[in-house]
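Nothing in this text is a laboratory measurement; each read-out follows from the coordinates by a stated rule. No experiment lies behind these values; they were computed from the predicted model shown. Every residue, glycine as well, gets a Cβ built from its backbone with ideal geometry; the counts of neighbours run over all protein chains shown.
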Amino acid sequence: MKITDVRAMYLRLPEIKSRTDSSQDALIIEVETDEGLIGYGEVDSCPSVAKAIIDAPTSHTQVHGLRSLLLGEDPLQIRYLWNKMYQGTLYYGRSGAVIHAMAGVDLALWDLKGKALGQPVHSLLGGAFQRSIPAYASHMFGFTPQETAERAKQAVDGGFRAVKFGWEPFGRDAAEDEAQVRAIRNAVGQSTRVMIDVGLAWDAPTTIQRAKLLQPYDVFWLEEPVPPDDLVGYAWIAGQLEQRLAAGEQECTAQGFVQLMDRAKVDVVQIDMTRVGITQAMVIAEMAFQRGIKVCNHAFTTRLNTAAAAHFLAAIPNALMLEYCVEPGELTQKLVRSDSVLEDGNVRVGDDPGLGVSLDREVIDKYRI
Ligand SMILES: [Mg+2]
């Protein structure tokens, strides 16, 4: 079997709001073979840049577009192809959008391998430690505590036993932050896990002050309180915080995650399949396991991301929870159908070959650029 085409489809909602909400567009990857099989992947990055990285013509031996590196290759040799893409983009790659684009191809290759061998991806990864992964409903904060509380209530009524809220308007004012978290706790009751994604809004001393203020509301983790490069700040926070410290969505390399674990001292690493890829994610999860660190996914795009995360988290011994984006946009809710489905607050990983996903052509036609 040989790869005959690699395509990147850019889909975008008609109106892009000025929010930190990556569910407003999507970049879907298709890897096609001479046997007619197609593998599907996704990239969460700057979509038009990641698309250019796939389509670019060769410039020299260390500056290729990904498509030109993949054409004619055997799609089943995934680790080999990861290395070929890494070496063939070395001059402009090694991190950022190039790794994001490689991650999207990597997901498509795992999907393709599963389809070719008639196996679900979790089985190819070594087998499922769990078939049903506790999920949390992941939201943007409402602009008022009332709006946030309504969303939290809806999640719990829908069967979720864990909720997360993140980003603006959180982080700007101590009293408003406390009001937001109090509203969530009051809405969900005592037995629901509540996570807060600070969205990089604080510095290290502010994090310690606000974390104390939030202690009565039993926050399970505080996520990304400070900028991702402030490793010293993270380590200082980690030494004092009562709550768990979570981070990882800004990272896309194994090296970046080693820094987060060993220098920043986070308690939970969050790996985005569409920015890291399954091949690297398995390596990172093993390093986390050796350090006694729990692993979650990060996913705020389509159900393809969620499905890839379900297969990955099922196949590692140190999975904690699955992030399940509940933003209402059609790209999140309708573009991808998956056999890894939400049941009573858990995602049950599917058994269809590959990632078990299919695309809705009507949604593609509606939003494709
Ligand atoms: Mg986050």
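Residues of the range 269-303 that are closer than 26 Å to residue 77 by Cα, within 16 Å of the ligand (Cβ to nearest atom) and among the basic types (Lys, Arg): 275 alone.
With respect to the conditions (1) closer than 19 Å to residue 136 by Cα; (2) touching a Ser or Thr at 6+ places or on another chain (Cβ under 9 Å), residue 321 lacks only one, and its number is (2). Just one of the numbered conditions (1) within 14 Å of the ligand (Cβ to nearest atom); (2) charged (D, E, K, R); (3) assigned to a loop (DSSP other than H, G, I, E, B) is not true of residue 229: (1). Among the residues of the range 91-98, is there at least one that is in a strand (DSSP E or B), surrounded by 15 or more Cβ atoms within 10 Å (Cβ to Cβ) and within 19 Å of the chain's Cα centre (by Cα)? The answer is no; no qualifying residue exists. So, in the range 235-247, exactly how many residues are among the aromatic types (Phe, Trp, Tyr) and within 15 Å of the ligand (Cβ to nearest atom)? Of the residues in that region, 0 qualify. In the range 157-192, what residues are assigned to a loop (DSSP other than H, G, I, E, B), surrounded by 15 or more Cβ atoms within 10 Å (Cβ to Cβ) and away from the ligand (no atom under 16 Å from the Cβ)? Hits for the range 157-192 are 160, 161, 192. When each of 154, 215, 250 is tested for being farther than 28 Å from residue 341 by Cβ, surrounded by fewer than 22 Cβ atoms within 10 Å (Cβ to Cβ) and away from the ligand (no atom under 16 Å from the Cβ), the lone residue that passes is 215.
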